[in-house]
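Notes to accompany the following structure.
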Amino acid sequence: MMWERIEARFHDLTPRLLATLMHPNSKIASHVRELEVSDSSSSSKLEDNLRLVLAAIPRDRIRTFECCCQLSTLTLQHLLQSQRKIEVLEVLTHFTTLGQPGSSRFDSGEHHTWMNSSLRDVKSIELWIATRSSSEERIFERLNSISENHPRIDNLDLYSMSDRGKKLISLCGILHHAKNIPLFSKLTSLRLFELRLGKRGDRAISKSLDLSILSCLRISSCDNITAFIESLSSYYTSGIGELTDLYIILPYQLEEPENSVKAIESLLKVCPKLEDLQLDLSRHGFVAKECILAHCQTLECLMLGTGKSKICSHFTVTEMTAILRACIHLKYLAVNMPACDLGTITELGTGFHPKEEFADMLVCVGSHHTSRIC
């Protein structure tokens, strides 16, 4: 239905646009179920305009609230005073930042308790970890509180607030404080961004997070991943788990790159059969062909790349042929192609004709029944 989703830069809303959004005769506000604030930076004007629009939306109407910039706790409370049926919450505030010291009277434990009670229906949440300003135990206490107070969460996104190279706290170190049952019992999607994941000897991740029904795992630009990946392999070796989608993007600078790639290969050999596999290992290489073939009966989407690195890493024509013949359900394919010469920059592509390995790879990929090739 029209107006169910509104995406806008609230700082730039003119008085006329605001009046249109809020006017009862327009009936726009009465239809809104998803609201996205697409501003890249915070401002008092943004928050003032947002509160005006929120006041015009009927009570308990919004199901999804997304914001690309940081909001004050006061504005978040303004949202929750009238919208208590939110299922998806993606916003950077003090409430969604784990381990950050309070900055106002609205960041107290009492207010957090009230906000917890206002978000009983939340299923998807985005959390930020302040890895430099707090202890692992304090961060875990907030994470555990969210797990206990929001039992319906099935999608969890964790981000680091620290600059790369300054992550003094690891995710495994935080989760080590879980003493009883694993957190987030209904977790089906876990996405980790720019975190330091752990070190050897850390507690097994499966003892801290409930992975029993996890179907989607995304690890993006994280460091110290080896022990974390090895822990996942140990868990899946037992034959349990429902993982179907795996995405791993490695940063250009990575500690123990060789061990990280080996750990990823080991995981691919023991984890449940995947439908969607996307790997970008940057300059650190490719996984072996056998790791892909382990999922040949189920794989529908395969994307393998090396990011913005200048290395020429790709499967040989023989390897690619074996993969495509085995992956009978493959629908989407994005892989590195062999290098080719397109000519001088002033005559780029003029008279170009594929030849040698590049031409052979084109024939190999083109002859496959894949519905979409990138």
task: Check whether at least one residue in the stretch 21-36 is among the small types (Gly, Ala, Ser) and touching a residue at least 12 places away in the same chain (Cβ under 8 Å), and report yes or no.
output: yes
message: I want to confirm something. Restricting to the stretch 197-221 and keeping residues that are in contact with a helix residue (DSSP H, G or I) (Cβ under 7 Å, 6 or more places away or on another chain) and not small (Gly, Ala, Ser), which single residue is farthest from Phe140 (Cα to Cα)?
response: Arg200
task: Quick one: count up the residues across the stretch 63-88 that are assigned to a loop (DSSP other than H, G, I, E, B) and within 15 Å of Lys123 (Cα to Cα).
output: 6
message: Which residue is farthest from Asn49 (Cα to Cα), if the candidates are limited to the stretch 1-24 and must be among the charged types (D, E, K, R) and in a strand (DSSP E or B)?
response: Arg5
Count of residues meeting criterion [loosely packed, with under 15 Cβ neighbours inside 10 Å and either under 19 Å from Ile62 (Cα atoms) or in contact with a Cys (Cβ under 7 Å, 6 or more places away or on another chain) (or both)] in the stretch 24-33: 4
task: State whether one or more residues within the stretch 302-325 are assigned to a strand (DSSP E or B), modelled with pLDDT of 75 or more and either surrounded by fewer than 17 Cβ atoms within 10 Å (Cβ to Cβ) or at positive phi (or both).
output: yes
message: Give me the residue from the stretch 236-266 that is of a type in the set (Ser, Thr, Tyr) and either within 22 Å of Arg152 (Cα to Cα) or buried (at least 21 other Cβ atoms within 10 Å of the Cβ) (or both) and, out of that set, modelled with the lowest pLDDT.
response: Ser260
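Per-residue answers, yes or no, for (1) free of Cβ contacts under 8 Å to residues at least 40 places away in the same chain; (2) on the phi > 0 side of the Ramachandran plot; (3) of a type in the set (Lys, Arg); (4) not in a helix (DSSP H, G or I):
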| site | (1), (2), (3), (4) |
| --- | --- |
| Ser185 | yes, no, no, yes |
| Arg203 | yes, no, yes, yes |
| Leu211 | yes, no, no, yes |
| Tyr235 | yes, no, no, no |
task: Give Leu54, Leu50 a once-over and let me know the one that is out of contact with any strand residue (DSSP E or B) (no Cβ under 6 Å at 6 or more places or on another chain), over 30 Å from Ser135 (Cα atoms), crowded, with 17+ Cβ neighbours inside 10 Å and in contact (Cβ under 8 Å) with a residue 40 or more places away in the chain.
output: Leu50
message: Suppose the filter is modelled with pLDDT of 90 or more and either surrounded by fewer than 18 Cβ atoms within 10 Å (Cβ to Cβ) or among the hydroxyl-bearing types (Ser, Thr, Tyr) (or both); does Ser42 pass it?
response: yes
task: Would you be able to say whether some residue in the stretch 271-287 is in a helix (DSSP H, G or I), touching a residue at least 24 places away in the same chain (Cβ under 8 Å) and either crowded, with 21+ Cβ neighbours inside 10 Å or more than 19 Å from the chain's Cα centre (by Cα) (or both)?
output: yes
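The values are calculated or read from the model by the stated rules, or taken from the named source; none is laboratory data. The structure displayed is predicted, hence computed values, not measured ones. Heads up, the Cβs are rebuilt from the backbone with ideal geometry, glycines too, and the neighbour counts pull from every protein chain shown.
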